[in-house]
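I have placed the structure first, in the form of structure tokens, so that the comments after it can refer back to it.
Any read-out appearing in this document is the output of simple, stated calculations on the displayed coordinates, not a laboratory observation. All of these numbers come straight from a predicted model, not from anything done at the bench. Please note: Cβ atoms are built from the backbone with ideal geometry, for glycine as well, and neighbour counts cover all protein chains shown.
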């Protein structure tokens, strides 16, 4: 989205144009409001996922469903992917309200799916990993927002890396190699750290293309979804290093 597009070239009036100060301030205020909306959606989604995961795990149902036989556990495991696909490929046809509803439902089913971590790792190590991930995410996202370096060239490399990571993870389901799992986790942390900075800059650049349009609400939701996935994946991979097993 940012390829060949310099938001600074189109966002600000040319020198000598009347109202330069007022329009610059308007764009700055609009960008801050837009990014705040994205971060609010993202943070609220992560919070909702955490609450659902904790409640589901403590209820005892997670142990029965996710660790037992039956198709329900696979439905819970793959349901989040379905929501992501619907939002990603159908966002242009969805209303803002429907996109919001799907985003919150996605956060809920992600909570059901991620409740398994409370069955495997101690609560203390989960909390430590969460705060470490939050600190890293904030730093990386801030850098992506403020850097003058164009990160768009890293997008293809990072996406290809994620695809390779998924392939390696599927292969390791059959191999059950601890060394491969360690390598996948290390690469996963690095890839999603890079995606956090990249996606933040991409979301910021996109604002200048949609500012004032009726699709701003939907692009904010999709931006939040991207950052949510970056955060959750970085947390999950980091937990393999920092987590203490029950």
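Here are some residues: 139, 153, 111. Which one is loosely packed, with under 13 Cβ neighbours inside 10 Å and out of contact with any strand residue (DSSP E or B) (no Cβ under 7 Å at 6 or more places or on another chain)?
So the residue among 139, 153, 111 that is loosely packed, with under 13 Cβ neighbours inside 10 Å and out of contact with any strand residue (DSSP E or B) (no Cβ under 7 Å at 6 or more places or on another chain) is 153.
Only one of (1) closer than 22 Å to residue 131 by Cα; (2) in contact with a helix residue (DSSP H, G or I) (Cβ under 6 Å, 6 or more places away or on another chain); (3) surrounded by fewer than 17 Cβ atoms within 10 Å (Cβ to Cβ) is not met by residue 49, so which one is it?
All conditions are met except number (3).
Exactly one of these conditions fails for residue 201: (1) surrounded by 23 or more Cβ atoms within 10 Å (Cβ to Cβ); (2) within 13 Å of the chain's Cα centre (by Cα). Give me its number.
Of everything listed in (1) surrounded by 23 or more Cβ atoms within 10 Å (Cβ to Cβ); (2) within 13 Å of the chain's Cα centre (by Cα), residue 201 misses just condition (2).
Quick test for you: out of 142, 206, 227, pick the one residue that is more than 16 Å from the chain's Cα centre (by Cα), within 30 Å of residue 28 (Cβ to Cβ) and not in a loop (DSSP other than H, G, I, E, B).
206
Restricting attention to the range 45-85, which residues are within 29 Å of residue 219 (Cβ to Cβ) and touching a residue at least 40 places away in the same chain (Cβ under 8 Å)?
45, 46, 48, 49, 50, 51, 52, 53, 84
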